[in-house]
Amino acid sequence: MTHRGSRVLHVGSLARVEGEGALHLSIDNGKVTAAQLKIYEPPRFFEAFLRGRRHTEPPDITSRICGICPVAYQMSACRAIEDVCGVTVDGQLAALRRLLYCGEWIESQTLHIYLLHAPDFLGYDSAVHLSRDRRADVERGLRLKQAGNAVLELLGGRSIHPVNVRVGGFHRTPTRAELRPLAAQLRRARDDAEETLRWVAGFDFPDAECDADLLALAAPDAYAIDTGTPTALRYGDGQKPRAFPVRDFTAHVVEEQVPYSTALQARLDGRRHLTGSLARYAISGHLLPHSVREAARAAGLDGVCRNPFRSIVVRAVEVLYAVEEALRLIGTYEPPPRPAVDVSPRAGTGHGATEAPRGTLYHRYVLDADGVVTDARLIPPTSQNQGAIEDDLRRIVQDRLRHGDATDAELTRLCERAIRNHDPCISCSAHFLDLTVERA
Amino acid sequence: MAEPPVRRRPRLGVFKFASCDGCQLTLLDCEDELLPLAAEIEIAHFVEASSDVQPGPYDLSLVEGSVSTPEHLERIRRIRAESRRLVTIGACATAGGVQALRNFADVAEFRATVYAKPDYIETLATSTPISAHVPVDFELRGCPIDRGQLIEVITAFLADRRPDIPDHSVCFACKRRGTTCLPVAHGIPCLGPVTHAGCGALCPAYGRGCYGCFGPSGSANMPAMIPLLRSDGMSDEDVLRFLHTFNVAKFAAIEPEREDP
């Protein structure tokens, strides 16, 4: 029954997020006594080998942590390094960064919606299986994903580990004419995004409520993507978000190591918390443009959505927003005078946080006077979400067992769904559970 | 009339070792080709994309990531035994990846930097390419790999021919693209002359010197390259960092002995 001993589970990753994992569930007389998410992605030691690198290098190096959200790593790294050096990147350079980030949101969230998550709701093993019966739906998803990649490729050079981002801005900025075909593609993508939202809103959603605290960046006048202040919304607190400065991130979000997983697990002020689409929508949903809010309402969402199964609907709302926002940014784009601002290194500590598709991604760097990194610290979304994911697992399995016993196969499927709800990076998400059930 | 015999579709396996997932994601980034490809081949093992995981044997296995844990050693041998053709994809699988920087450091110290209780973490002292452990039929370079090259590799192996992937340098691609030479025109340090082509000479097209993410080309002349980087303003430390990143083990292997002053 148990695979312990047959697999090496305590191998972890500095990437901490995507990759291979397992689940351990203990059931004692129909009661779930333990639900552990085991991530055994091999360690890659990024924080260690960032030491000794130049201040210009973390964006390219840390993007290699995740092929699914490299822009998020590049953006958080740039912000943190620029924070050390006392530089603010604003105006059209900031707008271009946000546009690039919109591309990643469209690509990455659509990948999760269509290729990883939707097959669960429709009873298929994969999008390829799904396409045999519903080819038009899958083709719409691929087209939408391709539009996100087109943004990444134009601004970044390529969609995975883009080459055009640098501390201070870009190596090269596009002309208005270069952005024009992109706008045409995004206008078609808007139809696909609207249709996607209608499509996922029609799925069947089991009842569930995640009672974790929520954490997302919040900006004063826009749905936070590339900038904002960490903001927490406690469960049961009503609508009273509390913000704290990004430099205090590690005072609030504290990582600890658990013996069964090589990913570190983080808690917010000692409590279980969740970051990502559900948290962002709860904290910044009121800042979405009217048309997107209306579409969300038509899809059955109101102010706060705490049902993790419905996260697919919230992701579809965010894709629609990212398409709209990309079109707005292209429409108001004026090429900046220079592709990057100068960033002269100086000694100090800097902090940067941005909203990766999966949630708040925090970087901290310490530089010496020559601009050499002497310390690095990275807190990705999935390490923050593990506690909430485990709690979801416990609750969802317990609810299921209240209606009678279930086979291992059924529980496995249920647990996999519960985990994919939170999109814990890709190779985890698609098929990753090696379920072990101990029954006393 | 008799039914035509059902053609057995070739079976594809996709496997992951220590990596960022970006190279296998490249397959899902083939938005135009994915469904037509899935009609020609059976995607038998691709955990990133499907929970329908079939046992081997596989006609073509794509392997991403480097060997970096004790469990990996056993697993890659098993995959090799089940694969008619095995192609490694990306800098991790072909050169050990960025995580091979550990090969030049003290892993115990690395582990302690990251984990409060290092005893829980099992890892090898080195991160090594797949070809250090099993025979490999083809190595597709890049951090990440190029989408067009991936399609070429898959179609070539399914047709039992060698992939048409030249091993010349990025300079060739730059000339073909009509990009002005950055070191010549602007004195920008560029690894293009010694870096394997395949990306389409992206960085120079964006005004940035090539940083070698595809690893060394077929005839990389490092003794000529390094003085060129120095004359473009790089310090010895900068040159070392430039070469020791995403394909650290590959560039290090062909670097000349450092001259005594």
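Details
- Residue within segment A:151-170 that is touching a Gly at 6+ places or on another chain (Cβ under 6 Å), under 23 Å from A:C69 (Cβ atoms) and part of a helix (DSSP H, G or I) present: yes
- Within segment B:224-251, the residues that satisfy the criterion of being modelled with pLDDT under 90 and either exposed (fewer than 14 other Cβ atoms within 10 Å of the Cβ) or away from chain A (no Cβ under 14 Å) (or both) are B:D236, B:E237, B:K250, B:F251.
- Any hit, segment B:36-44, residues being in contact (Cβ under 8 Å) with a residue 40 or more places away in the chain, more than 10 Å from chain A (Cβ to nearest Cβ), assigned to a helix (DSSP H, G or I) and over 21 Å from B:V134 (Cβ atoms): yes
- Considering (1) at the interface with chain B (Cβ under 10 Å from one of its Cβ atoms); (2) in a helix (DSSP H, G or I); (3) modelled with pLDDT of 95 or more, the lone condition that A:L116 does not fulfil carries the number (3).
- Of all the residues in segment A:145-158, those that are touching a residue at least 40 places away in the same chain (Cβ under 8 Å) and at the interface with chain B (Cβ under 9 Å from one of its Cβ atoms) number 2.
- Restricted to segment B:76-92, and to residues there that are touching a residue at least 60 places away in the same chain (Cβ under 8 Å) and within 13 Å of chain A (Cβ to nearest Cβ), the residue that is surrounded by the most Cβ atoms within 10 Å (Cβ to Cβ) is B:C92.
- Some residue of segment B:52-72 being out of contact with any Phe, Trp or Tyr (no Cβ under 6 Å at 6 or more places or on another chain), small (G, A, S), over 26 Å from B:D160 (Cα atoms) and facing another protein chain (nearest Cβ under 7 Å): yes
- Some residue of segment B:63-71 being out of contact with any Gly (no Cβ under 6 Å at 6 or more places or on another chain), over 26 Å from A:R413 (Cβ atoms), of a type in the set (A, V, I, L, M, F, W, C) and not in a strand (DSSP E or B): no
- Of the helices (runs of 4 or more DSSP H) that lie entirely inside segment A:267-373, those containing 3 or more residues that are crowded, with 21+ Cβ neighbours inside 10 Å, in contact with a helix residue (DSSP H, G or I) (Cβ under 7 Å, 6 or more places away or on another chain) and β-branched (V, I, T) span A:311-331.
- On inspection, A:L130 fails the criterion of being in a helix (DSSP H, G or I), facing chain B (nearest Cβ under 9 Å), free of Cβ contacts under 8 Å to residues at least 60 places away in the same chain and more than 16 Å from the chain's Cα centre (by Cα).
- Residue list for segment A:171-204, restricted to those being in a helix (DSSP H, G or I), more than 14 Å from chain B (Cβ to nearest Cβ), touching a residue at least 40 places away in the same chain (Cβ under 8 Å) and over 29 Å from A:G91 (Cβ atoms): A:E194, A:E195, A:T196, A:L197, A:R198, A:W199, A:V200, A:A201
- Meets criteria (within 29 Å of B:G65 (Cβ to Cβ) and over 21 Å from the mean Cα position of the chain (by Cα)) for B:Y211: no
- Segment A:159-170 - residue that is facing chain B (nearest Cβ under 9 Å) and surrounded by fewer than 24 Cβ atoms within 10 Å (Cβ to Cβ) and, of those, farthest from B:Y211 (Cα to Cα): A:R166
- Here B:S50 qualifies as crowded, with 22+ Cβ neighbours inside 10 Å and over 22 Å from the mean Cα position of the chain (by Cα).
- Where helices (runs of 4 or more DSSP H) sit wholly within segment B:147-205, those with at least 1 residues that are farther than 17 Å from B:D232 by Cα and under 15 Å from the mean Cα position of the chain (by Cα) occupy B:147-158.
- Members of segment A:211-225 found to be among the small types (G, A, S) and in a strand (DSSP E or B), listed by number: A:A216, A:A218
The values are calculated or read from the model by the stated rules, or taken from the named source; none is laboratory data. The structure presented is a predicted model; accordingly, all values stated were derived computationally and were not measured. So basically every Cβ, Gly included, is an ideal-geometry build from the backbone, and we count neighbours across all protein chains shown.
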